[in-house]
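This report concerns only the one structure given below.
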Amino acid sequence: MTSTTAYWIRGVRILDGEPTDLVIANGSVWGVGVRPEEGVHDEVVEIDGTGLVALPGLVDLHTHLREPGREDAETVDSGTQAAALGGFTAVHAMANTEPVADTAGVVEQVWRLGREAGHCDVYPIGAVTVGLEGERLAELGAMADSAARVRIFSDDGKCVSDAVLMRRALEYVKAFDGVIAQHAQEPRLTEGAQMNEGELSGRLGLAGWPAVAEEAIIARDVLLAEHVGSRLHVCHVSTAGSVDIVRWAKSKGVDVTAEACPHHLLLTDQLATTYDPIYKVNPPLRSQTDVEALRAGLADGTIDIVATDHAPHPHEDKDCEWAAAAFGMLGLETALSIVQQTMVDAGLLDWAGVAERMSYAPARIGRVAEHGRPIELGEPANVVLYDPAATRTVDPSESASLSRNTPYRGMELPGRVVATFLRGKATVLDGKLA
Ligand SMILES: NC(=O)N[C@@H](CC(=O)O)C(=O)O
Ligand SMILES: [Zn+2]
Ligand SMILES: [Zn+2]
């Protein structure tokens, strides 16, 4: 570590604790409950921590960075800037790029771009099948052995719908403790689907996307994971029935983890009445009953983590009629605020619970040892300082993302990321990129 700047954060609460002083120096948590020592550091930057909560740096298991191939929508640099502003110190980059991240060469490129940008650590996810075509397994072992050390494999954007291929992928990744992250969408049940199937989709004349299309794949996959004794992760769980299936599988000892996205914890299919494709996402926004089941599942640990599914799209792919628009919405810069609003302020989670679901657990699932660690003496200083009493009105033009497709435009959200530290280096200070 070359920098000898120390950050002295005075009177900050670490998770749910009493206010204390936190000193970050030499890349690590240098002290808790102490002040910096005279003459030891070249420079001491004092931060008033009154009212702030210190959380371990957030880890996103599901980010679309779009590079290589769609640098008009996002780059590794712009996407990781958005991540840092959202309090993340690590993101896992989905494989549905152009070319697809299905070789050691592409995952190493993404990994290297992340290191060069330096805003947060980037862990590439490898594709399960060549070109996301769902026909032949990609070179999973070569990606695992590459410099990018891939442990998560996903065809996200598409479902690994062939049961034999899914079984083989689950078997294959056991050799290096990998996990298959499934985008659970039965393709035949969702052909042309545009929004949640229900009374509303009929009234709006938009093709319905039934809950069973998600639930049937999750049910099949937890049984496959049990059969082969492998690890399964379920992406963006969106229905009450899916929560029930995951709860059942866990009760039987299946090695399954699941994620929920902020937008599915807050928004419902009622927003489709606007016909504004800003609300078009895969899987679709569901009913209030589903939203409540997701919140309950996240509170009781059935749903292990919150993942953003940050999915940037340029305006020409979103400013069009609903049926023609791309699926997906931004998420990195608003995730913590949405979790505060839907879970913490609702009394369903404390800050320790948020740390578990947005840092410790995603790091464990991704087998990332250097993130998701407690804020304790000697630990790497991956830390976010968050002001839960602040409020802000979301202005898409202020986003670091190259895209503008946030569904929260104009909404007043609680909370503000004040600072983010990556191995002791400030990536965000005073709410701005450092
Ligand atoms: N979530 C989305 O609506 N879109 C994602 C793909 C995906 O996560 O399935 C994308 O890549 O744009
Ligand atoms: Zn997906
Ligand atoms: Zn995704």
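Against the longest principal axis of the chain, how steep is helix 288-300, in degrees 0 to 90 to the nearest 10, with axes from Cα atoms?
Long axis of 288-300 versus the principal axis of the chain: about 50 degrees.
As a footprinting exposure proxy, order Y123, Y275 by other Cβ within 10 Å, with the fewest listed first.
Numbers: Y123 26, Y275 14.
Result, fewest neighbours first: Y275, Y123.
If you project the alpha carbons of the stretch 13-122 onto the principal axes, what extent comes out on each, in Å, largest first?
Computed over the Cα atoms, the extents are 52, 30, 22 Å.
Run through the DSSP bridge list for the stretch 57-365 and note the antiparallel percent, rounded to the nearest 5.
5
Please give me the summed charge of the neighbours of A324: other residues whose Cβ is under 14 Å from its Cβ, Lys and Arg +1, Asp and Glu -1.
In short, -3.
Assign unit charges at the C-beta atoms only (+1 for Lys and Arg, -1 for Asp and Glu), then state the dipole size of the stretch 128-249 relative to its Cα centre in Debye, rounded to the nearest 20.
240
Could you work out how far helix 104-117 tilts from the main Cα principal axis of the chain, as a 0 to 90 degree angle to the nearest 10?
Here the helix axis deviates by roughly 30 degrees.
How would you order 379-385, 84-90, 95-101 from highest to lowest mean count of nearby Cβ atoms within 10 Å? Intermediate results must be reported in sequence, preceding the final value.
Numbers: 379-385: 24.7, 84-90: 29.0, 95-101: 21.6.
Those peptides, ordered most packed to least, come out 84-90, 379-385, 95-101.
Using only the Cα atoms of the stretch 178-314, construct the convex hull and provide its projected area averaged over every direction, in square nanometres to one decimal. Don't skip to the end; give the middle numbers.
Working: hull surface 33.5 nm².
In nm², the orientation-averaged hull projection of the stretch 178-314 is 8.4.
About its Cα centre, what dipole magnitude does the chain give when the only charges are +1 on Lys and Arg Cβ and -1 on Asp and Glu Cβ, stated in debye to the nearest 20?
Taking the Cα centre of the chain as origin, the dipole is about 600 debye.
Which GluC sites (Glu not before Pro) does the stretch 369-428 hold that lie in a coil by DSSP with at most 16 other beta carbons within 10 Å? Could the numbers behind the result be given before it?
Working: sites: E370, E376, E398, E412; in loops: E370, E376.
Sites meeting the loop and neighbour criteria: E370, E376.
With a sphere of radius 11 Å drawn around the Cβ of D60, what net charge do the other residues whose Cβ falls strictly inside it have (Lys, Arg +1; Asp, Glu -1)? It would help to have the intermediate numbers written out before the result.
Values: positive: none; negative: D121, E259, D309.
Net charge around D60: -3.
Roughly what percent of Cα-Cα pairs across the stretch 57-365 reach past 35 Å? Please report the intermediate quantities before stating the final value.
Numbers: 5321 of 47586 pairs.
Counting pairs separated by more than 35 Å, the tail of P(r) holds 11 percent.
What is the distance in Å between the Cα centres of the stretch 216-252 and the stretch 73-137?
Taking the Cα centre of the stretch 73-137 as reference, the centre of the stretch 216-252 is 25 Å away.
Using 0.36 nm per residue of separation minus the Cα-Cα distance, give me the extension gain between T4 and D300 in nm, one decimal.
Once the chain is fully extended between T4 and D300, it gains 102.3 nm.
Would you mind ranking D309, D387, D269, D300 so that the residue whose beta carbon has the fewest other beta carbons within 10 Å leads the list?
Listing D309, D387, D269, D300 from fewest to most nearby Cβ atoms yields D300, D387, D269, D309.
Applying a 10 Å radius around every beta-carbon, put 111-122, 35-46 in order of their mean neighbour count, most first.
111-122, 35-46
Quick one: angle between helix 240-251 and the longest Cα principal axis of the chain, in degrees between 0 and 90, rounded to 10, please.
Between helix and principal axis, roughly 70 degrees.
Rounded, prolate or oblate for the stretch 79-228? Axes are the square roots of the Cα gyration tensor eigenvalues, ordered a ≥ b ≥ c, and the cut-off for rounded is a/c under 1.5.
Working: a/c = 2.27, a/b = 1.36, b/c = 1.66.
The shape class here is oblate.
Taking 7 Å along the Cα-to-C-beta vector as the label spot, tell me the D244-D345 distance in nanometres, rounded to one decimal.
3.1
Quick check on the chain: helices-only [θ] at 222 nm, where DSSP H runs of length 4 and up contribute -39,500 (n - 2.57) each and the sum goes over total residues. Nearest 500, please. Can you show the working numbers first?
Details: 13 runs with 114 residues, N = 434.
Helices in the chain give a 222 nm mean residue ellipticity of -7500 deg cm²/dmol.
Please report, in debye to the nearest 20, how large the charge dipole of the stretch 43-132 is about its Cα centre when each Lys and Arg carries +1 at its beta carbon and each Asp and Glu carries -1 there.
280
Values quoted throughout were computed directly from the atomic coordinates according to the rules given, and no laboratory measurement underlies them. Note that the coordinates shown come from a computational prediction; the quantities given were computed from them, not determined experimentally. Reconstructed Cβ throughout: ideal geometry from the backbone, glycine too, with neighbour counts over all protein chains shown.
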